[in-house]
Amino acid sequence: MRLRSCLAVGAALHNVGMHCQGPRTFHKATPASAGALLVLCVACHTARSDWVVATAASLSHDDNVGDAHNHSDMVPDSSTSATLSAFDLLPVGRSLSLVAGSELSGQVYDRLDGLRNASIDGLLSLKKKWGIGAFAAWSRAQVSAARSDYEDGYRNVTIYRASLEMGKRLDERWNLAAGYNFERRAAAPGASEIYGVSNDAFSQTGRSFTANAQYALSDRMSLSLGSLLRHGDVISTALTAGHYYPLTDLKAAAPDPAFGPTAYAYRLDGTTYGIKLGANYSLTDHSLIGGAFQRFDTHARGGNNYTNSVPQLTWNYQF
Amino acid sequence: MLKNFIAIVSSVFFCAAAQAAEIRALVKDQKGKAVADAVILVVPVDPRNALHAHAPAAAVDQVDKQFVPYVKPIFVGSTIRFPNSDNIRHQVYSFSPAKKFELPLYSGTDAPPVMFDKPGVVVLGCNIHDWMIGYIYVSETPFFAKTGPLGTAVINDLPAGEYTVRTWHPNMDRTEESTIQHIALSADTPSVAEWQIGLKPTIHVPRVSGAASADYP
Ligand SMILES: [Cu+2]
């Protein structure tokens, strides 16, 4: 798992570096890689201020990576991800703190090479604690902007997120949180092939509500339950172009060669219900390993319903 | 004259040395394992035996976002400094009835010392790092000690006489009062006080917690 994470980070850096050389993505990838390097350098040099550096690696499997409706279009694959993040905590008042941070991540798929990607994310959040101590309720407003560069560059996307969260640790065992999230993914339009239909298939807008609970079984072991309700654009990829939707249901369509030469991605309006069951085990004060199972059930327009089952193994380390 | 003075000084010294008694304490848990960080309290039945005790200044440090030491026994009236050895800032507080206080966010040795003038247990926390927890035991008696990794502690230089001894630990499953033992200390032989206490499994706020929320794929 550790070797795989190194590979993922390596691939991520390689992706960013590789795209720097391509004329098309040069202007996008250079600021991203420069930003990543800057953040890491600043994090290292300001280790004497209130910086928190964390790293994570995960191994997951999705039985339907392309979010396909038909069984014959479903492509299962495994992926390895690695993340390095650095956050600076800037207390603003007695119970108000501003967090500015950045995250560099990479993801490598076993089979779907075109989906190999590297991302750089910058975020700013303001957290208010409604009292003093570990059991005070808190709320947080967060905005972030990320850039993800894919091996198959047509999927490159700039992601803007805004979220409002609140939570409370009830006692040493129970920790609850809920949030509202907005996400806008802006991608370049794909190659247009369907007359009268937008080819901007990889741009998405979505809003979601999440609610989570964590329960500590012991000092080291905890269980978690997360739920999600999302409404917005979904992208469903069919392996052949023969999957027709009524034009009123279809928001955009474009070729999606990462899934095969004849694959087509369709953007539709959909609602997703998700659930996550997880268990975490603290290896040390600074690290934990976790296992989780996520299940998503999406109902999109035009009868395009699909599910995803995503088992996942994670490792987190916080310096 | 000089002879008389030497005689008086040596007799006082001899009496004091002859009267110094010692308690050797041992604390074990329900499985017979040594219990570290248990506070041993030795209370003289005759309050005159605790006279002239002074309350020295002490410190509770913050190292790698933890309080060091985890348990700090002090004599009532002592002041404690909270130096911060980390290169990030901490915001130390206590809600405990024995001492409520809140230090503003600080680094280094900027925080003012805090005086603990009421006996009892003070639970320390940090408002920035929720997992940080520490204990100050404010003792009403000047005779106390804390057990080490072997579960042992020695309290010496005690005036001979009648005492009650008791123990306290943050995870103890019973009251301090239920651990009280009576001991008559004589100067020539050290006395032994032993306890077997049940420890409750504790759950601390985790330092690293995994994401509980579902990530839309
Ligand atoms: Cu702190």
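The values are calculated or read from the model by the stated rules, or taken from the named source; none is laboratory data. Only a predicted model underlies this, so the values are computations on that prediction, with no experimental measurement involved. Every residue, glycine among them, receives a Cβ derived from its backbone with ideal geometry; neighbour counts consider all protein chains shown. Ligands, DNA and RNA are excluded from the accessible area calculation, which covers all protein heavy atoms including side chains. Shrake-Rupley method; radii C 1.70, N 1.55, O 1.52, S 1.80 Å.
Setting aside same-chain residues fewer than 8 positions from residue A:128, which lysines have a Cα under 30 Å from its Cα?
A:168, A:276, B:65, B:99, B:100
Would you mind giving the mean number of other chain beta-carbons within 10 Å of the Cβ of each residue in B:200-207, as a whole number? All intermediate terms of the calculation are to be shown ahead of the outcome.
Details: counts 0, 2, 3, 10, 7, 8, 11, 7.
Average per residue, whole number: 6.
Which of B:174, B:207, B:24 moves the most in a Gaussian network model of chain B with Cα springs under 10 Å?
Taking springs between Cα atoms under 10 Å, the residue moving most is B:207.
Using alpha carbons only, how many angstrom separate the centre of the stretch B:180-208 from the centre of the stretch B:18-85?
12
If I ignore ligands, DNA and RNA and count only protein heavy atoms, how much of residue B:146 is accessible to a 1.4 Å probe, in Å² to the nearest 10?
Probe radius 1.4 Å; accessible area of residue B:146 about 70 Å².
Using θ = phi - 60° and the Karplus relation 6.51 cos²θ - 1.76 cosθ + 1.60, list the HN-Hα couplings for the stretch A:267-278 in order, rounded to whole Hz, with x at every Gly or Pro.
Those phi angles translate into 9, 9, 7, x, 10, 10, 10, x, 9, 9, 10, x Hz.
Once phi is turned into θ = phi - 60°, what whole-Hz ³J(HN,Hα) does the Karplus curve with 6.51, -1.76 and 1.60 give for every residue of the stretch B:99-116, x standing for Gly and Pro?
Coupling constants for the stretch B:99-116: 6, 9, 7, 8, 8, x, 3, 8, 10, x, 10, 6, 6, x, x, 10, 9, 10 Hz.
Run the Debye formula on the Cα coordinates of the stretch B:63-217, all scatterers equal and no solvent, and tell me log10 I(q)/I(0) at q = 0.12, 0.18 1/Å.
Reported log10 I(q)/I(0), two decimals: -0.65, -1.19.
Using only Cα atoms, tell me the angle between helix B:2-19 and the longest principal axis of chain B; keep it within 0 to 90° and round to the nearest 10.
Once rounded, one gets 50 degrees.
Can you give me the solvent accessible area of residue A:164 with a 1.4 Å probe, rounded to the nearest 10 Å²?
Roll a 1.4 Å probe over it and residue A:164 shows about 110 Å².
List the residues, sorted by chain then number, that are 5 or more residues from residue B:193 or on another chain and whose placed amide H is less than 5 Å from its amide H.
Those qualifying (amide H under 5 Å, at least 5 residues apart or on another chain) are B:24, B:25, B:26.
Please give the solvent-accessible surface of residue A:69 in Å², to the nearest 10, using a probe radius of 1.4 Å with every protein chain present.
Rounded to the nearest 10, that gives 70 Å².
Name the long-range amide H neighbours of residue B:21: under 5 Å, sequence gap of 5 or more, or other chain; modelled H, no Pro or chain starts.
Those qualifying (amide H under 5 Å, at least 5 residues apart or on another chain) are B:157, B:158, B:160.
Could you grab the Rg to Rh ratio for the stretch B:54-141? Cα atoms only, Kirkwood for Rh.
Numbers: Rg = 11.9 Å, Rh = 12.7 Å.
With Rg and the Kirkwood Rh in hand, the quotient comes to 0.93.
State to the nearest 20 debye the size of the charge dipole of the protein assembly as shown about its Cα centre, where the only charges are +1 on K and R beta carbons and -1 on D and E beta carbons.
720
Under the Karplus relation 6.51 cos²θ - 1.76 cosθ + 1.60, θ = phi - 60°, what is the ordered set of whole-Hz ³J(HN,Hα) values for the stretch B:84-89, x standing for Gly and Pro?
10, 8, 7, 9, 10, 8
Please list the non-local residues whose amide H lies under 5 Å from the amide H of residue B:87, H modeled 1.01 Å from N, same-chain partners needing a gap of 5 or more.
For residue B:87, no residues qualify.
Rounded to the nearest 0.05, what FRET efficiency do residue A:145 and residue A:113 give with R0 = 35 Å and r taken as the Cβ-Cβ distance? Could you check? Walk me through the numbers on the way to the answer.
On the way: r = 27 Å, r/R0 = 0.76.
For R0 = 35 Å, the calculated efficiency reads 0.85.
Using the reciprocal of the averaged 1/r over all distinct C-alpha pairs, how large is the Kirkwood radius of the protein assembly as shown in Å?
After inverting the mean inverse Cα-Cα distance, the result is 27.3 Å.
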